[in-house]
Amino acid sequence: MKPHIQTLSLTAICLFAIACGGQKNEQKQGPPPPTLVSAVRATKGDAVYYDEFPATITALLEVDVLPQVAGNITGVFFQDGQVVRKGQKLYTIDPQQYRAGYDQAVANLNVQKANLNRAQKDADRYNTLAQQDAVARQLVDNANATLEAARMQVAAAQAGIDAVATNLKYTTIYAPLDGTIGISQVRMGAAVAPGTAPLNTISSDNPIAADVQVDEGQIGRFLRLQTAKNTSRDSTLVLVMPDGSRYPYPGTVRIVDRAVDPQTGTLRVRVAFPNPNRQLKVGLNANLRVKNSTGEPQLLIPYKAVTEQMSEYFVFVVGDSSKVTQKKLTLGARINDKVIVKGGLNEGELVVTEGTQKIREGARVKVN
């Protein structure tokens, strides 16, 4: 009897262990606890933001200073980089040969005038004799022809004076406009001639401009800005300097180029800015910020709530029974830490902002 009792005891123990194990498995297979997340509701608000465009500072007017005559530089009358005024003397080129040429041309004119005077007298004399039939007609014709030739010689001599006078005038070079002059490319004694490199460049710099390339889809927007009133008094067009600071003067659209570049699909737009302190320099790289306001409230959510997958954007929305659903969104512009939602989400829906990496479609969550 004892072996039988021992067998029954072992069987009972095994059955009890199996029952306990089953209870543990049932506990393990129960639903997991909800995941803690943070969430906010999608709300509508003012959607004022800025689009940024890379910009290059350029002069509204820029002129190369070129020599019109050949010679050696005999005078430089400005400091490199200074502001110059229209008509201010900049350079002189050795005028000696041109002054000598002018004096020679004047002397030649005087000779031709003397010849004209003599020819006039001869012609008058022969014509008087011809009236008395006291001279051959051929001599009269010769005298009149000589007189006409003398007149042409005087005219040619006068033209010669005008030409050398122009060359003499070109030996002094004046500023063609108000602006800032650059670093001189020549020094005293340097030989220059027409067709060589510019002596210098002058740029008008107050006002000055920023050139940007805009997508063809933005053309209408900039055309409206070009005709808008009072844009120079607000912050519609703002320039951001290379150090990140904001330029203190707002801009106005001055020029919208005539044609779109077919290779890039972009158009050049020129925005003018006051530059009283000459802070903006030609060639400087900056960013043009253009204010964009929709004029009506837009649906906004925190940008950190958005996840990107294969260039598509999604958010997790907390629904009934605290379960999350993933929704695909169409996004607009980003505004600081928020982003405009153009489609895929309704106002008031609860969007997960923190803990998205720990959840998936259909997961139960608990909002902090």
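The values are calculated or read from the model by the stated rules, or taken from the named source; none is laboratory data. Note that the coordinates shown come from a computational prediction; the quantities given were computed from them, not determined experimentally. Note: ideal-geometry Cβ built from the backbone for every residue, glycine included; neighbour counts use all protein chains shown.
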Only residues that are under 28 Å from Pro32 (Cβ atoms), of a type outside the set (Asp, Glu) and not in a strand (DSSP E or B): list them for segment 295-346, please.
Lys304, Ala305, Val306, Gly319, Ser321, Ser322, Leu345
Only one of Lys338, Lys358 is outside the structural domain of Leu223 (by TED's automatic domain parsing), modelled with pLDDT under 95, buried (at least 18 other Cβ atoms within 10 Å of the Cβ) and not aliphatic (A, V, I, L, M). Can you tell me which?
Lys338
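May I ask you to verify whether Val365 is surrounded by 16 or more Cβ atoms within 10 Å (Cβ to Cβ) and either polar (S, T, N, Q) or under 22 Å from Leu36 (Cα atoms) (or both)? Working first, answer last.
On the way: surrounded by 16 or more Cβ atoms within 10 Å (Cβ to Cβ): yes; either polar (S, T, N, Q) or under 22 Å from Leu36 (Cα atoms) (or both): yes.
Criteria met by Val365.
Out of Asn127, Asn115, Asn110, report the one residue that is modelled with pLDDT under 90 and loosely packed, with under 13 Cβ neighbours inside 10 Å.
Numbers: Asn127 fails: loosely packed, with under 13 Cβ neighbours inside 10 Å; Asn115 fails: loosely packed, with under 13 Cβ neighbours inside 10 Å.
Just one listed residue meets the conditions, Asn110.
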Being within 30 Å of Gln279 (Cα to Cα), acidic (Asp, Glu) and within 60 Å of the chain's Cα centre (by Cα) narrows Asp80, Asp94 down to just Asp80
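Can you tell me which residue in segment 227-268 is surrounded by the most Cβ atoms within 10 Å (Cβ to Cβ), limited to those that are part of a loop (DSSP other than H, G, I, E, B) and at pLDDT below 90? Spell out the reasoning first.
Of all residues in segment 227-268, those part of a loop (DSSP other than H, G, I, E, B) come to 228-230, 234-236, 241-245, 247-251, 257-260, 262-265.
Right, trim to at pLDDT below 90 and you get 228-230, 234-236.
Numbers: Ala228: 13, Lys229: 6, Asn230: 8, Asp234: 11, Ser235: 13, Thr236: 20.
Ranking the candidates gives Thr236 first.
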Residue by residue through segment 185-200, note down the ones that are surrounded by fewer than 18 Cβ atoms within 10 Å (Cβ to Cβ) and under 29 Å from the mean Cα position of the chain (by Cα).
Gln185, Ala197, Pro198
Residues satisfying the stated conditions in segment 285-297, i.e. at pLDDT below 95 and surrounded by fewer than 19 Cβ atoms within 10 Å (Cβ to Cβ)
Lys291, Asn292, Ser293, Thr294, Gly295, Glu296, Pro297
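Only one of Leu280, Leu331, Leu299, Leu284 is more than 30 Å from Val253 (Cα to Cα) and either polar (S, T, N, Q) or within 38 Å of the chain's Cα centre (by Cα) (or both). Can you tell me which?
Details: Leu280 fails: more than 30 Å from Val253 (Cα to Cα); Leu331 fails: more than 30 Å from Val253 (Cα to Cα); Leu284 fails: more than 30 Å from Val253 (Cα to Cα).
One residue alone meets the criteria, Leu299.
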Considering only segment 97-129, state which residues are under 24 Å from Thr74 (Cα atoms) and of a type in the set (D, E, K, R).
Arg99, Asp103
Would you mind stating whether Asp122 is surrounded by fewer than 13 Cβ atoms within 10 Å (Cβ to Cβ), without any contact (Cβ under 8 Å) to a residue 60 or more places away in the chain and not aliphatic (A, V, I, L, M)?
no
Which numbered condition in (1) of a type outside the set (Phe, Trp, Tyr); (2) on the phi > 0 side of the Ramachandran plot; (3) touching a Gly at 6+ places or on another chain (Cβ under 8 Å) is the only one that Gly265 fails?
(3)
Write out, first by first residue and then by second, each pair whose Cβ atoms fall under 7 Å of each other, whose residues are 6+ apart or on separate chains, and whose first residue, in segment 151-174, is under 25 Å from Lys86 (Cβ atoms) and at pLDDT 90 or above while the second is basic (Lys, Arg) and part of a strand (DSSP E or B).
Thr172/Lys89; Tyr174/Lys89
Exactly one of (1) farther than 30 Å from Ala305 by Cα; (2) in contact (Cβ under 8 Å) with a residue 12 or more places away in the chain is unmet by Asp133. Its number?
(2)
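Table: residues versus (1) modelled with pLDDT under 95; (2) buried (at least 18 other Cβ atoms within 10 Å of the Cβ); (3) within 30 Å of Leu284 (Cα to Cα).
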| residue | (1), (2), (3) |
| --- | --- |
| Ala47 | yes, yes, no |
| Glu52 | yes, no, yes |
| Ala55 | no, yes, yes |
| Val63 | no, no, yes |
| Gln88 | no, no, yes |
| Thr92 | no, no, no |
| Ala100 | yes, no, no |
| Asp103 | yes, no, no |
For a quick check of your reading of the model, give me the residue pairs whose first member lies in segment 92-116 and is part of a strand (DSSP E or B), whose second is aromatic (Phe, Trp, Tyr), with beta-carbon atoms closer than 8 Å and at least 6 apart or on different chains.
Thr92/Phe77; Ile93/Tyr170
Counting only strands (runs of 3 or more DSSP E) entirely within segment 29-81, those with at least 1 residues that are of a type in the set (Val, Ile, Thr) and farther than 30 Å from Arg364 by Cα are 48-58, 62-65, 71-76
